[in-house]
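Q: Below you'll find the structure I mean.
The values are calculated or read from the model by the stated rules, or taken from the named source; none is laboratory data. Bear in mind the structure is a predicted one, so any value in this text is a computation, not a measurement. Here the Cβ positions follow ideal geometry from the backbone for every residue, glycine too, while neighbour counts run over all protein chains shown.
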């Protein structure tokens, strides 16, 4: 009897382990499948309600954290700073862009959100609990016009891009996720590179593969470069503010061709985001 | 643990509520810049109450639901939490829980294990970016949070699953078995009961 129980237990365990590996190998890199879509569709309204209901409690806990950390900022000054920052980044990008190039890529204006995109506002209803992934789930999906690869921003700047969509929800892979790579440029110098995360530290991004002799200085802004050519193009439109350079030692620039960037958006505390749907892709 | 349909329904409800609470609350609050991860502790406590099989099945279910709701690749979370639940169940089957500190300490240790496990799965699938040393701090803080969360979860789940629990905690048993003196009736020697 006992042996039979042990055998049954081992069989179930083996089945679960094999099942896990099978799921992993079948679904990795495939986006969402039918089962996942079904489960997410059933639970996303519950998640949405729970998210709204728990917001006061969340805010309270976060308030303690922010107070402890002396992070509390005057809301009015914060708003003013954001407006000024956007204006500064927008104008720097505009100055830096050559009019002829703009004509070539048919950009008719530069700014925080490029023309041709329809922003869809969504709320973060779920977040990956481990330090290894930087994904959030939002409460808008294909029913709202959201598609895979749509860029996602919030009031501060670029947040990430949509990597999976169901009818009523979507997964946003943040720019701090290890799988993220954003083509970016420093303004006003125009130095270009690829912005990659430092896993586990969403406040530190690394602008890598700097392809310029020009040195990059601290406090310079970094925006999406939004390159296109030979049939391929960046997922992100040009000139979306990303962050500012925090560390730019000449040694690091020369030896490793990289500088450190702090994102404008607080990737740990996301609430409302905008998905830039449409655009010129596809 | 005696698994009746009623208890199974309770466990399913606990798993769903745990995952939704994690995604909508715990993952979105920060203490010292780190979000607590309640799911390994939940799986550990279920494993402690139910043994290896219950722990493993609950771990698999929690991971599967988590991956589904995050619209993430399936299997990674299931694999790690399955191992976590199994280890908790194994502890329960091999050792007696002598102290009230054991469940929270186990939650802490196995949360540390689970976070490393998530990292191992990611490394297996390929991490394309440098790993910050802050990951270590985050994992350690999550483990410390799990110590305190594990305390509460253990007490809550013991209450919710009480009808199914076969064994009472050792401390309670000791309390019950503590020798007590019955007042002697006239002319009789004191009698010690329960020794």
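Q: Filter region A:155-182 down to residues that are out of contact with any helix residue (DSSP H, G or I) (no Cβ under 7 Å at 6 or more places or on another chain) and away from chain B (no Cβ under 14 Å) and give me whichever is farthest from residue B:125 (Cα to Cα).
A: A:157
Q: Which condition number in (1) part of a helix (DSSP H, G or I); (2) more than 16 Å from the chain's Cα centre (by Cα); (3) farther than 30 Å from residue A:58 by Cβ is the one that residue B:90 fails?
A: Only one criterion is unmet by residue B:90, namely (2).
Q: Which of the residues belonging to region A:186-207 are assigned to a strand (DSSP E or B) and touching a helix residue (DSSP H, G or I) at 6+ places or on another chain (Cβ under 8 Å)? Walk me through how you get there before you give the answer.
A: If we filter region A:186-207 for residues that are assigned to a strand (DSSP E or B), which is where we start, we get A:186-187, A:192-197, A:199, A:205-207.
A:187, A:199 - these are the residues of region A:186-207 that are assigned to a strand (DSSP E or B) and touching a helix residue (DSSP H, G or I) at 6+ places or on another chain (Cβ under 8 Å).
Q: Of everything in region B:35-53 that's at the interface with chain A (Cβ under 7 Å from one of its Cβ atoms) and over 11 Å from the mean Cα position of the chain (by Cα), which residue is nearest to residue A:62 (Cα to Cα)? Break it down into steps so the answer makes sense when it comes.
A: To start, the set of residues in region B:35-53 that are at the interface with chain A (Cβ under 7 Å from one of its Cβ atoms) comprises B:35, B:37, B:39, B:52-53.
Filter again for over 11 Å from the mean Cα position of the chain (by Cα), leaving B:35, B:37, B:52-53.
Numbers: B:35: 10, B:37: 16, B:52: 36, B:53: 37 Å.
Going through the qualifying residues, I end up with B:35.
Q: Quickly run through region A:132-146 and pick out the residues that are more than 14 Å from every other protein chain (Cβ to nearest Cβ) and touching a strand residue (DSSP E or B) at 6+ places or on another chain (Cβ under 9 Å). Please lay out each step first, then the result.
A: So in region A:132-146, the residues more than 14 Å from every other protein chain (Cβ to nearest Cβ) come out as A:143-145.
Scanning region A:132-146 gives A:144, A:145.
This table checks each residue for (1) over 12 Å from residue A:243 (Cβ atoms); (2) modelled with pLDDT under 85.
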| residue | (1), (2) |
| --- | --- |
| A:151 | yes, no |
| A:175 | no, no |
| A:182 | no, no |
| A:195 | no, no |
| A:199 | yes, yes |
| A:206 | no, no |
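Q: Which condition number in (1) modelled with pLDDT under 90; (2) at the interface with chain A (Cβ under 7 Å from one of its Cβ atoms); (3) under 22 Å from residue B:121 (Cα atoms); (4) surrounded by 24 or more Cβ atoms within 10 Å (Cβ to Cβ) is the one that residue B:72 fails?
A: Failing condition for residue B:72: (4).
Q: If you take just the helices (runs of 4 or more DSSP H) that sit entirely in region A:1-103, which of them hold at least 2 residues that are touching a strand residue (DSSP E or B) at 6+ places or on another chain (Cβ under 6 Å) and modelled with pLDDT under 80? Before the answer, list the steps.
A: Working: elements: A:2-27, A:34-68, A:75-96.
In region A:1-103, A:75-96 are the helices (runs of 4 or more DSSP H) which contain 2 or more residues that are touching a strand residue (DSSP E or B) at 6+ places or on another chain (Cβ under 6 Å) and modelled with pLDDT under 80.
Q: Separate question: Out of the residues in region B:96-144 that are in contact with a strand residue (DSSP E or B) (Cβ under 7 Å, 6 or more places away or on another chain) and not in a loop (DSSP other than H, G, I, E, B), state the one that is farthest from the other protein chains (Cβ to nearest Cβ).
A: Selected residue: B:141.
Q: Taking the criterion of being more than 7 Å from chain B (Cβ to nearest Cβ), surrounded by fewer than 24 Cβ atoms within 10 Å (Cβ to Cβ) and within 30 Å of residue B:68 (Cα to Cα), would at least one residue in region A:204-223 satisfy it?
A: No, region A:204-223 contains no residue that is more than 7 Å from chain B (Cβ to nearest Cβ), surrounded by fewer than 24 Cβ atoms within 10 Å (Cβ to Cβ) and within 30 Å of residue B:68 (Cα to Cα).
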